[in-house]
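Encoded as structure tokens, the structure appears first; notes follow it.
The values are calculated or read from the model by the stated rules, or taken from the named source; none is laboratory data. Not measured: the values here are computed from a predicted model. Reconstructed Cβ throughout: ideal geometry from the backbone, glycine too, with neighbour counts over all protein chains shown.
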């Protein structure tokens, strides 16, 4: 009789309906991950309206006890603007467990790209740039979203048509060139002193360049203020 009772109990435990009642359903885990990503996107500084999410399927052999408490989620690796994320999903009761779910994101936004070949040191005009939708999860930071931000800047390298233009690819245009005679200005309260100098290197507004005093031949650091003018 005792042996029969044990056999019945084992059969019940192995029955599909028993597992359906006690094991955590994969759909609930997927839903928790999706809700977590949705919340992360809502909290992001920029509005992301065109997003595609691909959650890596869970191992079909996974056996986790059904969670009675709400599933907890946290972004463990990556951030919401990166292509790959890992979301940690955990349960507190009745049995503690945790698993990591890899997620691939595609976030599409309008960014500025080159509309035609751009040469090094070329001053950008409206004809050189256009806005296209791109997956920014693959781009990293430093892209532009408005064409106006680039007009009048100078390229620091050649840029191919269709390439996303990033901040390290452009700079303020050079307005002082090596060998050029410049006016050096030293400001004091109520008056300025001026002297002639010779630029030892190229520079854009805001750059610090080497300038040789035309009178003393002393080389000093000066900040580019405008065309033909530096401040000391």
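Quick notes on this structure:
- Here residue 101 fits the description: touching a strand residue (DSSP E or B) at 6+ places or on another chain (Cβ under 6 Å) and farther than 18 Å from residue 167 by Cβ.
- Spans of strands (runs of 3 or more DSSP E) in the stretch 124-232 with at least 1 residues farther than 30 Å from residue 107 by Cβ: 174-176, 181-188, 191-199, 208-213, 219-226, 229-231
- The set of residues in the stretch 40-62 being out of contact with any strand residue (DSSP E or B) (no Cβ under 6 Å at 6 or more places or on another chain) and within 22 Å of residue 23 (Cα to Cα) consists of 57, 58, 59, 60, 61, 62.
- The stretch 44-58, residues that are outside any strand (DSSP E or B), more than 15 Å from residue 78 (Cβ to Cβ) and without any contact (Cβ under 8 Å) to a residue 60 or more places away in the chain: 45, 47, 49, 57, 58
- Residue-level analysis places residue 179 outside the set of residues that are surrounded by fewer than 11 Cβ atoms within 10 Å (Cβ to Cβ), touching a strand residue (DSSP E or B) at 6+ places or on another chain (Cβ under 8 Å), closer than 30 Å to residue 125 by Cα and modelled with pLDDT under 95.
- Applying the set (1) surrounded by 11 or more Cβ atoms within 10 Å (Cβ to Cβ); (2) within 30 Å of residue 44 (Cα to Cα); (3) modelled with pLDDT under 95 to residue 174 leaves exactly one unmet item: (2).
- Count of residues meeting criterion [surrounded by 12 or more Cβ atoms within 10 Å (Cβ to Cβ), without any contact (Cβ under 8 Å) to a residue 24 or more places away in the chain and farther than 30 Å from residue 53 by Cβ] in the stretch 115-163: 1
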